[in-house]
Amino acid sequence: MLLGIDVGGTFTDAVIIDGTQVVKWAKRRSTKDNLLVSIEEVLRDVTTDIDVQCIERVTLSTTVVTNTIVEGKEDDVDLYIVTGPGMNVDHLFPVVPIFLSGYTDHRGMVVESYKMANLVEAMPKKRAHKAAVSVKFGNRNPLEELRIGNALAEHYSQVSCGSMLSGALNFPRRTVSAYFNSAVASVLEMFKVVVVGALQAMGIEAPLYILKADGGSLPIKLALEKPVETIFTGPAATVLGLYASHRMEKGHIVALDIGGTTTDISLWVDGQPLMMRDGVYIRQYPSAVRSFAVTSIGIGGESVVRYVDGVIQVGPERVGPSMALGGDEPTLGDALIVLGHAHYGSYEQAVAGMKKLNPTMSVEVLAKEVVQVALATIRKGIEDVVDLENKKAIYVVDDIVQERRFVVERILLVGGSAYSLATFIEEALHVPVVVPPSAAVTNAIGAAVAKQTIEITLRVDTKRRLLVVPELGLEERGCSLRRIEEVEAKAHQLLRDAALTAGLGSDEETINVETIGVEDFPVIEGWQSKERIMTVRAQLQVGVTHYVES
Amino acid sequence: MWNRKIDNPTLGLVFFPAFDWSISPTHPERQERLLYTRDQIVEEGLLDLPNIREYNPMVASWDVIEGVHVGAPDLQSWVTDAHRVSAGGAIAAADAVLKGEVDRAFALVRPPGHHAMRMVHGIRGFCTINIEAVMAHHMRKEYGVKRIAIVDTDVHHGDGTQDVFYHDPDTLFISFHQDGRTLYPGTGFMDEFGGPQAIGSNINIPLPPNTGDEGLLKVMRELVIPILEDFQPEIVINSAGQDNHFTDPLANMKVTAKGYAQIVDLLQADIAVLEGGYAVQDALPYVNTGIILSMAGLDYSRVMEPNYEPIQQPTNVTQYIDELIEKWKEQWQQRHAMAADILVGAGERWKQEYSVYYDESGIHEHRIETVRLYPDTVGWHSVESESSGGPYGSQRVYAMFIPWQANTRTREEAFEELHRIQQEGRCQRYVIVDPLGEGQIVTVL
């Protein structure tokens, strides 16, 4: 059996899954000031009549790290960077960085090495407890970064290196990742202690995993080395929950999770959720943290309805429950109740809500108008997300001649208001809408069945006979690989080994490796010598271990 | 529109490296030409900056290409998808600016185009179609833009762009380049000053080898900018070749990445389009970073090549350039008198004969060019073109180019002339190009 726990801002959910069946689920309001209380409650509920010895794996998803960042309560971090010449990055990061001299070029050659003797001199007078280091083109050769990182480790309790968090190009993003990685480490550590305590109290001894933003899960020990990857696990859990429902068929599907406050939009192509192009934004800072492409818009069942400058506005705030449920202001939900599309709470109070909004209009006409306004926002949200997807950069002729655009073929609706809005959305967008039998604990299910993933970027420069895998801190000289097929095979092998070492699977059979990017370029020097630069990005397949029937 | 000093400008960037296209595997115009530039741009995080917006190219339509070029045997024989996407990249950049979505745009695309002339019998200097000319035609057709200036900062003379606009008084073409006596294509001298009805709209500034930042910046300040101010363009396009760089393998100039960024800063072009530049590792990543930062109004003072060492421009070069600037100022002052002179006794028709060589395709073309002169309006020009040596054998094409400024009278007379020539029956194909009218019409005999 698998245990999934989702610690959200409003609710803490838990679910126990046996094979393809949800055997038990529980939901409690999160106790914000002491999460332990709600976690213990929900664990007690969900394990009633369950033999906890049969739980093989526990996976967590949580907004704890996200909330810390949103509220700006992360730890102070000293940020060391080696930029060499290029763009001015003085004001690009959450803190003023400490510049170290040196330069690594795009081929990964250290043009100028940092003189480590100067390091202590460069440190700020009032040091933070944690540090991060990032080198431009450090992903092409992590040597400088590791050298500086090791030296800093003597002065700080934790040092994060940018290229260990991402092997992809984009120095500012790797730098932001490294900064936040150090900044949220203690939050995740504290959270782990709370959860482990609660699990032990219940006698649950199964290994603990935590969900990452890209939908993979990591053993908690590894996650503590890369805490930044556990931000935004909430939307990731939702996407995996949808995945587990096995409703994502061939073609281009938009999934809408319409909750109380927001609607989360995700795009799916042939059963696979799309990922963010380069990584998520952490506050206003673009990072290298991989994530599903999930966009939230401010429309939900309890979005408040008001007149603003004589025009009806729905959301983006939620001020309280619908009037039908005893709230003070009318909501989208009240309008849906008036129209007979939702059936909960007090119909009379819902009508009163519409009257309160505008006493001179027929309540039905007004309610219809309210729904139309909400639909316009949802439609715009979908269009923006699809436009963004279709604006993805195209770098080869073939891709532009064979246009591959996302065209919405179907919409999948889940969440509290899914049923009541389905027909409206179908009419407004002229696209077939499907509402699966929804589970109230999609997130917890998603967490429970998440596969474990890691990703590596392997780069071979045949001229320099150099092989680099920044995420593994690997730099191998005298490499003899010459063909892209060999490089790809090598990447798969290294990833399998890394997965086995990390305990992500028991044998080669259970580890599914996939290639997510290949570049193979001839390099002509002196017009004749034919060398190659080859890059293969590979990951353990994201997805779910089981499809779950709700 | 041009020469606005914009605070915090927004920049549209069309980046299309055509990673799957090359002339041949070891040709300078090969797959990885923009690979290191991509590396640098992405690694610097330029695409994440809030005032830089990335655009995808589109596939340029045959219609828009046919508004500029005439092919032999036809355009389809020479123009590949890659060329259409590269031109489409320039068009996407123009659309972004003219729709007001961004203040400026840079089309970082390949293959290049500034050696491509009106007639396309093959590939010249790595170019097949002239992407700036196709873009300019698009701007006139879709947005009604009239006065356009193109400033070519490639080290080679932009002979293709010169050819396309040589008879258009409303398109100013300025090219500074390494002197044609020392570099391909061997043209681009002061006396190529525009056709008889467009004197002063074609400016060539041939510079000696070893010209550095100092020399180019002086030419920009003392010649290019004042000439642009006199011309008063609505739009300025920078044909942004990068082979004046001190590491370029095909030329002999000494300009740095920061020098290029300063030139771009002085020029304040609305749209830049990449042309040549073949030091793919040592120059392009840094020059392009410099140009992007400069166009986006950002600090480029820290952009520097890893192997940079201060370069002193030789004194004889400085002296030569100073004298050239003086000579040019004089010629520019006399442009109106020169324009009047050439029309004295010229009658209604002006004719010239010359040859063109297509170095990539080994094709020789011979042309007889005729211009119809009017005292008060821009007239047609025609090219009777004969080529040999190419894969399609000997080609004989007559092309009639109606100016975009044409009125009913000049347009009718162009059609009459075409019919008259057709009766003579010397050619295999007769083509009329009516850019803002009926497009391209081909008659095959």
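The values are calculated or read from the model by the stated rules, or taken from the named source; none is laboratory data. Since this is a predicted model, take the numbers as computed values, not measurements. With ideal geometry, Cβ positions are generated from the backbone for all residues, glycine too; neighbour counts draw on all protein chains shown.
Filtering segment B:32-83 to residues that are facing another protein chain (nearest Cβ under 7 Å), under 17 Å from residue B:298 (Cβ atoms) and of a type in the set (Val, Ile, Thr) leaves only B:42.
Scanning segment B:212-223 for residues that are more than 13 Å from residue B:326 (Cα to Cα), in a helix (DSSP H, G or I) and in contact with a strand residue (DSSP E or B) (Cβ under 8 Å, 6 or more places away or on another chain) yields B:213, B:215, B:216.
Just a yes or no: is a residue in segment A:200-211 at pLDDT below 95 and within 14 Å of chain B (Cβ to nearest Cβ)? No, segment A:200-211 contains no residue that is at pLDDT below 95 and within 14 Å of chain B (Cβ to nearest Cβ).
Look at residue B:313 and say whether it is surrounded by 14 or more Cβ atoms within 10 Å (Cβ to Cβ), more than 14 Å from chain A (Cβ to nearest Cβ), in contact with a Gly (Cβ under 6 Å, 6 or more places away or on another chain) and not basic (Lys, Arg).
Details: surrounded by 14 or more Cβ atoms within 10 Å (Cβ to Cβ): yes; more than 14 Å from chain A (Cβ to nearest Cβ): yes; in contact with a Gly (Cβ under 6 Å, 6 or more places away or on another chain): yes; not basic (Lys, Arg): yes.
Considered against the rule, which asks whether it is surrounded by 14 or more Cβ atoms within 10 Å (Cβ to Cβ), more than 14 Å from chain A (Cβ to nearest Cβ), in contact with a Gly (Cβ under 6 Å, 6 or more places away or on another chain) and not basic (Lys, Arg), residue B:313 comes out as yes.
Exactly one residue out of A:312, A:378 is within 21 Å of residue A:263 (Cβ to Cβ) and in a strand (DSSP E or B): that is A:312. Considered as a group, the residues in segment A:218-248 that are of a type in the set (S, T, N, Q) and at pLDDT below 90 include one that is nearest to residue A:415 (Cα to Cα), and that residue is A:238.
Screening B:272, B:279, B:257 for residues that are modelled with pLDDT under 95, surrounded by 22 or more Cβ atoms within 10 Å (Cβ to Cβ) and in the same structural domain as residue B:212 (by TED's automatic domain parsing) leaves exactly one candidate, B:279. For residue A:68, the conditions (1) part of a loop (DSSP other than H, G, I, E, B); (2) away from chain B (no Cβ under 14 Å) all hold with the exception of (1). Where helices (runs of 4 or more DSSP H) fall entirely within segment B:13-125, those with at least 2 residues that are within 22 Å of the chain's Cα centre (by Cα) are at B:62-66, B:81-98. Candidates are the residues of segment A:278-298 that are over 16 Å from residue A:182 (Cα atoms) and among the aliphatic types (A, V, I, L, M); the one that is farthest from the other protein chains (Cβ to nearest Cβ) is A:297. The single condition among (1) more than 22 Å from the chain's Cα centre (by Cα); (2) touching a residue at least 40 places away in the same chain (Cβ under 8 Å); (3) surrounded by fewer than 17 Cβ atoms within 10 Å (Cβ to Cβ) that residue B:324 does not satisfy is (3). Mind checking which residues of segment A:97-141 are within 12 Å of another protein chain (Cβ to nearest Cβ) and of a type in the set (S, T, N, Q)? Result: A:104, A:134, A:139.
Can you name the residue in segment A:396-424 that is surrounded by 18 or more Cβ atoms within 10 Å (Cβ to Cβ) and under 30 Å from residue B:79 (Cβ atoms) and is also farthest from the other protein chains (Cβ to nearest Cβ) among such residues? Among those residues, the one meeting the criterion is A:406.
Can we say residue B:27 is in contact with a Ser or Thr (Cβ under 7 Å, 6 or more places away or on another chain), within 11 Å of chain A (Cβ to nearest Cβ) and over 20 Å from residue B:141 (Cα atoms)?
Values: in contact with a Ser or Thr (Cβ under 7 Å, 6 or more places away or on another chain): no; within 11 Å of chain A (Cβ to nearest Cβ): yes; over 20 Å from residue B:141 (Cα atoms): yes.
For residue B:27, the condition - in contact with a Ser or Thr (Cβ under 7 Å, 6 or more places away or on another chain), within 11 Å of chain A (Cβ to nearest Cβ) and over 20 Å from residue B:141 (Cα atoms) - is not met.
Evaluation of residue A:86 against the conditions (1) closer than 28 Å to residue A:186 by Cβ; (2) outside the structural domain of residue A:444 (by TED's automatic domain parsing); (3) buried (at least 19 other Cβ atoms within 10 Å of the Cβ); (4) of a type outside the set (Ser, Thr, Tyr) shows that the sole unmet condition is (1). Does residue A:78 meet the test of being in a strand (DSSP E or B) and over 22 Å from the mean Cα position of the chain (by Cα)? Considered against the rule, which asks whether it is in a strand (DSSP E or B) and over 22 Å from the mean Cα position of the chain (by Cα), residue A:78 comes out as yes.
Any residue at all in segment A:527-536 that is more than 14 Å from chain B (Cβ to nearest Cβ) and either assigned to a strand (DSSP E or B) or at pLDDT 90 or above (or both)? The answer is yes; a qualifying residue exists. Do we have any residue at all in segment B:17-27 that's closer than 22 Å to residue A:390 by Cβ, buried (at least 24 other Cβ atoms within 10 Å of the Cβ) and in the same structural domain as residue B:80 (by TED's automatic domain parsing)? Yes, segment B:17-27 has at least one match.
Conditions first: (1) out of contact with any strand residue (DSSP E or B) (no Cβ under 6 Å at 6 or more places or on another chain); (2) surrounded by fewer than 20 Cβ atoms within 10 Å (Cβ to Cβ); (3) not assigned by TED's automatic domain parsing to the domain that holds residue A:125; (4) not basic (Lys, Arg). Residue A:65 passes all but one, so which condition is the exception? Evaluating residue A:65 over (1) out of contact with any strand residue (DSSP E or B) (no Cβ under 6 Å at 6 or more places or on another chain); (2) surrounded by fewer than 20 Cβ atoms within 10 Å (Cβ to Cβ); (3) not assigned by TED's automatic domain parsing to the domain that holds residue A:125; (4) not basic (Lys, Arg) leaves (2) as the failure.
Going by the conditions given, is residue B:128 over 21 Å from residue B:11 (Cβ atoms), β-branched (Val, Ile, Thr), within 14 Å of chain A (Cβ to nearest Cβ) and buried (at least 23 other Cβ atoms within 10 Å of the Cβ)?
Working: over 21 Å from residue B:11 (Cβ atoms): yes; β-branched (Val, Ile, Thr): yes; within 14 Å of chain A (Cβ to nearest Cβ): yes; buried (at least 23 other Cβ atoms within 10 Å of the Cβ): yes.
Yes; evaluated as a whole, the condition is true for this residue.
Here residue B:281 fulfils each of the conditions (1) of a type in the set (S, T, N, Q); (2) in a helix (DSSP H, G or I); (3) within 14 Å of chain A (Cβ to nearest Cβ) apart from (2).
Here is the figure for segment A:68-83: residues that are farther than 19 Å from residue A:282 by Cα and either surrounded by fewer than 20 Cβ atoms within 10 Å (Cβ to Cβ) or without any contact (Cβ under 8 Å) to a residue 24 or more places away in the chain (or both) total 0. Within segment B:171-200, the only residue that satisfies the criterion of being within 21 Å of residue B:317 (Cβ to Cβ) and in contact with a Lys or Arg (Cβ under 8 Å, 6 or more places away or on another chain) is B:190.
Just a yes or no: is a residue in segment B:280-298 more than 24 Å from residue B:106 (Cα to Cα) and not basic (Lys, Arg)? Working first, answer last.
Filtering segment B:280-298 for residues more than 24 Å from residue B:106 (Cα to Cα) gives none.
Looking through segment B:280-298, none of the residues is more than 24 Å from residue B:106 (Cα to Cα) and not basic (Lys, Arg).
Summed over segment B:126-158, residues that are assigned to a helix (DSSP H, G or I) and either out of contact with any strand residue (DSSP E or B) (no Cβ under 8 Å at 6 or more places or on another chain) or over 26 Å from residue B:22 (Cβ atoms) (or both) total 10.
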